[in-house]
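Enquirer: After the structure tokens below, expect a handful of questions from me.
The values are calculated or read from the model by the stated rules, or taken from the named source; none is laboratory data. Just so you know, these numbers come straight off a predicted model, no measurement behind them. Heads up, the Cβs are rebuilt from the backbone with ideal geometry, glycines too, and the neighbour counts pull from every protein chain shown. What goes into the accessible areas is simple: the full protein's heavy atoms, side chains included, and nothing from ligands, DNA or RNA. Shrake-Rupley method; radii C 1.70, N 1.55, O 1.52, S 1.80 Å.
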Amino acid sequence: MLRFINHTSSITNLQFPRHLLHTISSPPLPVSNYATSSSINLSNAFSRCFESVYGGRRLHTATSARNDVDQLSTETPLQQELDFPGGRVKFTAKPVFTSSSSEERTPCYRVLNDNGQPIVDGDSVKISKELAVKMYTNMVTLQVMDTIFYEAQRQGRISFYLTTIGEEAINIASAAALNDNDFVFPQYREPGVLLWRGFALQDFADQLFGNKNDNGKGRQMPIHYGSRKHNYVTVSSTVGTQIPQAVGAAYSLKMEKHDACTVTYFGDGGSSTGDFHAAMNFAAVMEVPVIFFCRNNGWAISTPINDQLRSDGIVVRGKAYGIPSIRVDGNDALAIYSAVHKARKMAIEEQTPVLIEALTYRAGHHSTSDDSTKYRPVDEIERWRGDQNPLNRFRKWIETKGWWSDEAESEHRSRIRKQLSQAIQAAERVEKPPISDIFSDVYDVPSKNLTEQETFLRRTIHKHAQDYPSNVPM
Amino acid sequence: MASIFQGVGATTALSSSTSIDTKKFQLSSRRFFSVRRASFVVVRSGGDKRDSGSNRIGGRADQLVTNAVATKADTPAASTASKPGHELLLFEALREGLEEEMERDAHVCVIGEDVGHYGGSYKVTKGLADKYGDLRVLDTPIAENSFTGMGIGAAMCGLRPIIEGMNMGFLLLAFNQISNNCGMLHYTSGGQFKIPVVIRGPGGVGRQLGAEHSQRLESYFQSIPGIQMVACSTPYNAKGLMKAAIRSDNPVILFEHVLLYNLKERIPDEEYVLNLEEAEMVRPGEHVTILTYSRMRYHVMQAAKTLVNKGYDPEVIDIRSLKPFDLYTIGNSIKKTHRVLIVEECMRTGGIGASLTAAITENFHDYLDAPIVCLSSQDVPTPYAGTLEEWTVVQPPQIVAAVEQLCR
């Protein structure tokens, strides 16, 4: 027996026969037609019932409706549409199910081809030489930073690290298209946004080593950066919780009528969380200026995209919630820049959320605790590190414009490498945060029980001074 | 007070079930107790203490009495006696506090289900949407985790949201955001981002609301570091705590009770804000300290009437601050009475009473003359049937019996 969807409307309160026929009208799709002659009659009968209700005439009861069916002639005009809660809906006499997916996937916006050449008839925001060079150099810095910090973890100098390899364009180009006062709610693979906004290499190193210069006072794991000054909210390890927070922040921007938006990043895995769906829904209902940026990099630790979702990526979900969306080539810096630039304008001027899905590849391991060769082929990783590498494509473009050269490249890389090793050495030597930082900031002012606990801890340390690490100040 | 009690003792007018067996009392007393009481005549719980203590404790008792009304005298204006004030119901008091704070600070906003034009399921936000607009009194779709997350994000950006859970039990869905972000982000961000949210809603056992709508969330939330918890019980403290919670820069969870919304009281006209970390002395006494909060306060006071008739003098403290506990007020009381009875609505395992028992034992063990007795609900989901539901909640006769047992 076919199952029908019941709309919530006053109609359903009436005594209709149980097999209330509602179909969702949609553009014609190749789906098998379940209509049989009897059901066509039934649908005509029900349409007549709707007609009578709509016309305000005497309502049919269940029995009388069935009598109508028996006495019906086959050709009655189908009522065109009805005013349901939520808007007018057209009827159809055929029980057609919408397909689980469109025949064609949502197209992907790109500006540069695989060889870094602009696509003919492309439409993108023009950027200046300064901006282009700044973007590229930041991408290189990000890549070098990732490599060196990853090595530092392997050498045991830091406990943990997580790279952004393959997603440099997403990080830098999206940050470049935003304003500094746009609030950022990151997942954890977006240090490039901080880098763009001026977070120094030394600041990154301090957080990784958890020393007393760290903004977070050494309280979080490595890569959990956060900086109020740069409008970048501290990374929280939980997946997807930042998404509704970004919507809330956008709500506050809307209330205070700021000329700014919020941006939140998450991966394909993060888009499966409950928070993502509710946040998208909220943002659409409240009409707030938030950009949902999904980094679809194909992998959620070891879960490939096909085990994560069965929709056409994440971009189609925007439509489900009533949010304008775009799919973008995540390894094309210019495409990302244009898309985010337009999205920001739309979000603020029209006070609407926007969804951007960037298709890319997580070319590195999930983190230093992961070895991705265990679940994916090495040649796949190599391929994406090669031709699709975002840096290569962008570099080719700026070089053809005469804005970059091999010398500039090697000079920049060696300079950054030097800065990084100095930063790491310096960060290693700096003291850790003091003991009192265990207890401060839990509340605005430490509560009595916390003060007691601190006293107890200090007494214990004093008693067993030899067991206490020497580089943690009291 | 003293005269009543001594009279009772002398004439043995007590019923058999409550007769004070002096020998038994002496023998069963603890070592520290007998050391303290060695020089005194046979025990009447309280009687001796008052006499013996009058030099030592009496002074403090006087201070305590002052302290007892301190919560009211704390208010900037004069005591309630001088001004008539106005009468209102508890939910109206909450609304008044909320409205005053929204008027005072444009950053204060309300987020919750049906809080806007519907006015809130318990009418706490009635009329606010008309006054302040849809954006400041925001209706949300049904996704507690997400609108709590939204409130946290808005708070980090400068707003001061009050997040309403239609029923506290629904906030279980918001547990992730509350524990992992609300409580933690101020700390993990190194103090860069503060989260001045107030999370409030009705909880506790109502009238046949079923197991899922009769939850006591305070026991689940109490371990979360970084949050404060308060429970209101009267219109006076409801308004004061609401205002204090909104003004606090810490995330505060304000527990209301479904059955207390229609309590009526006369509250001052002038503005007042209560201290979030202070307990309330409901009835000073000498024989036993009864610690309670929220609805159980009323069961305790009802039991207190019976107890007074029987000649006991219980000291009733509404602890109000569930996290952190006001161990100062509680401690002073225990040092005076030496007996503690905790009456709570939480389940026996892992409830507020369990934590309070541990805290008291740790801090005031030497002052106790008897083990702490904790009356709580059983570890069962709350049944729907009225008669069964009644007996999962602590009732006044049980409280009376417990005090009598404790004071033997």
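Enquirer: How much of the accessible area of region B:231-279, probe 1.4 Å, is carbon plus sulfur, in whole percent? Before the final figure, lay out each step's value.
Expert: Details: 550 of 1310 Å².
Using a 1.4 Å probe with all protein chains present, region B:231-279 comes out at 42 percent carbon and sulfur.
Enquirer: Through the Karplus equation 6.51 cos²θ - 1.76 cosθ + 1.60, θ set to phi - 60°, convert the phi angles of region B:194-208 into ³J(HN,Hα) values in whole Hz; use x for Gly and Pro.
Expert: So the Karplus estimates, Gly and Pro as x, are 10, 10, x, 8, 10, 10, 9, x, x, x, x, 7, x, 9, 6 Hz.
Enquirer: Here's a follow-up. So what are the ³J(HN,Hα) numbers for region B:211-225, from phi and the Karplus equation (6.51, -1.76, 1.60; θ = phi - 60°), rounded to whole Hz, Gly and Pro as x?
Expert: So the J values, rounded to whole Hz, are 4, 6, 9, 10, 8, 10, 5, 4, 6, 6, 7, 5, 7, 5, x.
Enquirer: Moving to a separate point now. Just check region A:129-429 against the gyration tensor rule for me: Cα atoms, a ≥ b ≥ c as the square roots of the eigenvalues, rounded for a/c under 1.5, and otherwise prolate or oblate depending on whether a/b exceeds b/c.
Expert: rounded
Enquirer: Using a 1.4 angstrom probe on protein heavy atoms only, which residues from region B:188-234 are buried by at least 40 Å² of accessible area when all chains are present rather than their own chain alone?
Expert: By number: B:THR188, B:GLY190, B:GLN192, B:PHE193, B:GLY226.
Enquirer: Out of every Cα-Cα pair in region A:374-447, what percent are more than 19 Å apart?
Expert: On the way: 1844 of 2701 pairs.
For region A:374-447, the fraction of Cα-Cα distances above 19 Å is 68 percent.
Enquirer: While we're looking at this one, here's another question. Counting pairs of alpha carbon atoms under 8 Å apart in space and at least six apart in sequence, what relative contact order in percent does region B:286-408 give?
Expert: 30
Enquirer: DSSP loop (so not H, G, I, E, B), at most 10 other Cβ within 10 Å: list which trypsin sites (Lys or Arg not before Pro) in region A:220-326 pass both filters.
Expert: On the way: sites: A:ARG228, A:LYS229, A:LYS254, A:LYS257, A:ARG295, A:ARG310, A:ARG317, A:LYS319; in loops: A:ARG228, A:LYS229, A:LYS257, A:ARG310.
Qualifying residues, ordered by number: A:LYS257, A:ARG310.
Enquirer: Per residue, how many Å² of accessible area does region A:356-474 show with a 1.4 Å probe?
Expert: Ligands and nucleic acids excluded, the figure is 57 Å² per residue.
Enquirer: Determine the dipole magnitude for region B:337-408: charges of +1 sit on the beta-carbon of Lys and Arg, -1 on that of Asp and Glu, nothing else is charged, the reference point is the Cα centre, and the result goes in debye to the nearest 20.
Expert: Dipole of region B:337-408, to the nearest 20 debye: 120 debye.
Enquirer: Separate question: Less than 27 Å apart at the alpha-carbon level, and either on another chain or at least 8 residues along: which lysines does that give for A:LYS418?
Expert: A:LYS129, A:LYS134, A:LYS212, A:LYS217, A:LYS229, A:LYS396, A:LYS432
Enquirer: Along the Cα→Cβ direction, 7 angstrom out, place labels at A:ARG385 and B:GLU270. What is the inter-label distance in nm?
Expert: The modelled label-to-label distance comes out at 7.4 nm.
Enquirer: Label A:ARG228 and A:MET474 with points 7 Å out from Cα along Cα→Cβ: what is the distance between them in nm?
Expert: Spacing of the two 7 Å Cα→Cβ label points: 3.1 nm.
Enquirer: Given H placed 1.01 Å from N in the peptide plane, which residues other than close sequence neighbours of A:GLY267 have an amide H under 5 Å from its amide H?
Expert: Under 5 Å from the amide H of A:GLY267: A:ARG295.
Enquirer: From the phi of every residue in region A:151-157, what ³J(HN,Hα) in whole Hz does the Karplus formula 6.51 cos²θ - 1.76 cosθ + 1.60 yield, where θ is phi - 60° and glycine or proline is x?
Expert: My calculation for region A:151-157 gives 4, 4, 5, 5, 7, x, 7 Hz in order.
Enquirer: Still on this structure, I have one more. Counting only residues 5 or more places away or on other chains, whose amide H sits under 5 Å from the amide H of A:TYR109 once H atoms are built in the peptide plane?
Expert: Result for A:TYR109 returns A:ARG327, A:VAL328, A:ASP329.
Enquirer: Over the Cα atoms of region B:114-271, how large are the radius of gyration and the largest Cα-Cα distance (Dmax), in Å?
Expert: Calculated on Cα positions, Rg and Dmax stand at 15.2, 46 Å.
Enquirer: Have a look at region A:191-238 and report residues whose accessible surface goes down by 50 Å² or more when the remaining protein chains are included, against the chain on its own, probe 1.4 Å, ligands and DNA/RNA excluded.
Expert: SASA drop of 50 Å² or more in region A:191-238: A:ARG219, A:ARG228, A:THR234.
Enquirer: Can you check what the net charge comes to around B:ASN176, using other residues whose Cβ is under 11 Å from the Cβ of B:ASN176 (Lys, Arg +1; Asp, Glu -1)?
Expert: After counting each charged neighbour, the total is -2.
Enquirer: Within region A:318-343, name every residue whose backbone N is under 20 Å away from a label modeled 7 Å from Cα of A:VAL125 along the Cβ vector.
Expert: A:324-343
Enquirer: Residues with beta-carbon under 12 Å from that of B:ARG348, excluding B:ARG348: net charge, scoring Lys, Arg +1 and Asp, Glu -1?
Expert: Values: positive: B:ARG216; negative: B:GLU344, B:GLU345, B:ASP379.
Once positives and negatives cancel, what remains is -2.
Enquirer: Checking an interface number: how much accessible area is buried between A and B, summed over both chains, with a 1.4 Å probe, in Å² rounded to 100?
Expert: That pair hides around 3600 Å² of surface in total.
Enquirer: Under a 5 Å amide H to amide H cut-off, with H placed in plane at 1.01 Å, what residues pair with B:MET229 once short-range neighbours are removed?
Expert: B:ILE253, B:LEU322, B:LYS323
Enquirer: Would you be so kind as to identify which of B:SER294, B:ALA244, B:ALA304 lies farthest towards the positive end of the dipole of region B:240-318, taking Lys and Arg as +1 and Asp and Glu as -1 on Cβ and the Cα centre as origin?
Expert: B:ALA304
Enquirer: Estimate the FRET efficiency between A:SER436 and B:TYR384 by the formula 1/(1 + (r/R0)^6), using the beta-carbon distance for r and 35 Å for R0, to the nearest 0.05.
Expert: 0.10
Enquirer: With only Lys, Arg, Asp and Glu charged, each at its Cβ (+1 for the first two, -1 for the last two), find how big the charge dipole of region A:129-429 is about the Cα centre; round to the nearest 20 debye.
Expert: Dipole of region A:129-429, to the nearest 20 debye: 400 debye.
Enquirer: To the nearest 0.05, how large is the calculated FRET efficiency for A:SER102 and A:ARG415 if R₀ is 60 Å and r is the Cβ-Cβ distance?
Expert: 0.80
Enquirer: From Cα coordinates alone, what are the radius of gyration and Dmax values for region A:139-260 in angstrom?
Expert: 14.6, 49
Enquirer: Determine the per residue accessible area of region B:250-399 with all protein chains present and a 1.4 angstrom probe, expressed in square angstrom.
Expert: With all protein chains present, region B:250-399 gives 35 Å² per residue.
Enquirer: Same structure, new question: Place a +1 charge on the Cβ of each Lys and Arg in region A:204-287 and a -1 charge on the Cβ of each Asp and Glu, then give the dipole magnitude about the Cα centre in debye, rounded to the nearest 20.
Expert: 360
Enquirer: A:VAL184: net charge of surrounding residues, Cβ under 9 Å, Lys/Arg +1, Asp/Glu -1, itself excluded?
Expert: Numbers: positive: A:ARG197; negative: A:ASP182, A:GLU190.
Taking every Cβ under 9 Å from that of A:VAL184, the sum is -1.
Enquirer: Another one. For the pairs B:LYS264/B:LYS305; B:LYS194/B:LYS239; B:LYS239/B:LYS264, flag any whose C-alpha to C-alpha distance is greater than 18 Å.
Expert: B:LYS264/B:LYS305; B:LYS194/B:LYS239
Enquirer: Right, something else. Measure off 7 Å from each Cα along the Cα-to-Cβ vector at A:ASP259 and A:ARG376, then give the distance between these two points in nanometres to one decimal.
Expert: Between A:ASP259 and A:ARG376, the simple spin-label model gives 4.1 nm.
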